[in-house]
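Trainee: One structure follows; several queries about it will come next.
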Amino acid sequence: MGNAQTLGKKSKSGIGAAPPDDSHPGGAPTSRRPASARASEMVRTNSMTSSHGILGTVRLLASDLDGTLLDPHHKPGPGTLEAIRAFEAVGGVFAVCTGRDKGSAAGVLEGFDLDKMPGVYMNGTIIQGAGGVVLHSAIVPQALCKEVTEWGRANRHLAAILFVDGDTHYVMDKSEEWAMYMHKVLLDPEPLELEGGWSAAEPKIPGHVNLMRVICPPENMATVKPQIQALVHGQANCAQSLPTTIDIMAPNTNKATGLHILLKSLGLSEARAAAIGDSENDLEMLQSVRVACAMGNAAQRTKAVAHFILPKNSENPPGVVHLLHLFTKSLARNTREEASAPAPPPPKGEPVRVACFGGGAWGSPV
């Protein structure tokens, strides 16, 4: 998007265009106005001070993994963990929001204690709150799992099918090249082969499927994607998460709905949240938050809904680290200013509410 501000590039005007001033309502997340309308709002101001003021209101930063927090070798970029800890030290909350399941995420996030961190996994299928509490878990309708499996049987020359149940992955035939792609290339857990595989008249697919994946060579995606979208339509949700991969989730499931559940559990709203992503499965999440950021290596559709464009995940420092430093500085400054500001006097003519520990109740007017 031409009017999105590119971060990490020095200019005479400093940080540049700020996100819109209007806050997201406290209800469920909804898509914002078209990108052209958002762009006109983003150029209201071009001063570093106003950008810091808005960025300093962000309490939670939600980050995608592949193509965003992870470098092209599927490892966190240099300085990532230290930048997250610095953001948390000034009161920020960092949440992983990924298409991976938690076990897969743990395999590529060495040094991260995911058991204690809030997170949105499998594109909003499983939501983990503070302290590791599972807030939400969804499953793909079993009838749709069977339909997609039969499509996979008829189209083995085009794509492979993978099932995810919690942190366990299953495929029909491990000898298929693309059935093993997520394990060999994305470092996912090695999948188990389902009993009978394709030779069974009715394949024994798992009875509890959190997520299905259709995996194919990038050159086949133009053929595979519309067929899967037509199959899923009205029964569940799907999104392309990688050039090779389509994720199929439960109905009304995406990263935005998952992030909303997480924010509500933390007593926050989308108006206090920012998100970073690079792919199609990040779109709803980016459209739902106060500050939306896309990586320099992001798909054009993702950049189109962003307020800020970050350096690529291959750069040093990578975009996520650059943004975390900016949020940390802004939040720390806002916190200092709030602490030093004098408390406003109570309005005249109205009762003052205080804590009463005698016969009254907390907040009784006196």
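Trainee: Check whether at least one residue in the range 206-218 is open to solvent by 30 Å² or more (accessible area, probe 1.4 Å) and farther than 19 Å from Y121 by Cβ, and report yes or no.
Mentor: yes
Trainee: When only residues in the range 282-307 that are within 14 Å of K255 (Cβ to Cβ) and open to solvent by 10 Å² or more (accessible area, probe 1.4 Å) count, which is farthest from the chain's Cα centre (by Cα)?
Mentor: V305
Trainee: Cβ contacts < 9 Å: first residue on the phi > 0 side of the Ramachandran plot, restricted to the range 283-296; second residue of a type in the set (D, E) and part of a helix (DSSP H, G or I), any location; separation 6+ or different chain. Result?
Mentor: From residues that are on the phi > 0 side of the Ramachandran plot, there are no pairs.
Trainee: Anything in the range 123-137 that is at positive phi and loosely packed, with under 15 Cβ neighbours inside 10 Å? List them, or say none.
Mentor: Across the range 123-137, the qualifying residues are G131, G132.
Trainee: Which of the numbered conditions does A222 fail, given that it passes all the others? Conditions: (1) in a helix (DSSP H, G or I); (2) at positive phi.
Mentor: The single condition A222 does not satisfy is (2).
Trainee: Check G358 against each of (1) out of contact with any helix residue (DSSP H, G or I) (no Cβ under 8 Å at 6 or more places or on another chain); (2) part of a loop (DSSP other than H, G, I, E, B); (3) at pLDDT 95 or above and name the one condition it does not meet.
Mentor: Only one criterion in (1) out of contact with any helix residue (DSSP H, G or I) (no Cβ under 8 Å at 6 or more places or on another chain); (2) part of a loop (DSSP other than H, G, I, E, B); (3) at pLDDT 95 or above is unmet by G358, namely (3).
Trainee: Moving to a separate point now. Filtering the range 207-229 down to residues that are touching a residue at least 60 places away in the same chain (Cβ under 8 Å) and touching a Cys at 6+ places or on another chain (Cβ under 8 Å), which residue is farthest from D165 (Cα to Cα)?
Mentor: The qualifying residue farthest from D165 (Cα to Cα) is V224.
Trainee: Select from the range 85-103 the residues that are within 17 Å of the chain's Cα centre (by Cα) and under 21 Å from G267 (Cβ atoms) and write down the one among them that is surrounded by the most Cβ atoms within 10 Å (Cβ to Cβ).
Mentor: That would be C97.
Trainee: So if I check each of A179, A250, A236, which one is open to solvent by 10 Å² or more (accessible area, probe 1.4 Å) and of a type outside the set (V, I, T)?
Mentor: Of the residues listed, the single one that is open to solvent by 10 Å² or more (accessible area, probe 1.4 Å) and of a type outside the set (V, I, T) is A236.
Trainee: If the requirement is being more than 25 Å from Q229 (Cβ to Cβ), open to solvent by 40 Å² or more (accessible area, probe 1.4 Å) and not hydrophobic (A, V, I, L, M, F, W, C), which of these qualifies: E147, E193?
Mentor: E193
The values are calculated or read from the model by the stated rules, or taken from the named source; none is laboratory data. Bear in mind the structure is a predicted one, so any value in this text is a computation, not a measurement. Note that each Cβ is placed from the backbone with ideal geometry, even for glycine, and that neighbours are counted across all protein chains shown. For accessibility, only protein heavy atoms count, side chains too; no ligands or nucleic acids. Shrake-Rupley method; radii C 1.70, N 1.55, O 1.52, S 1.80 Å.
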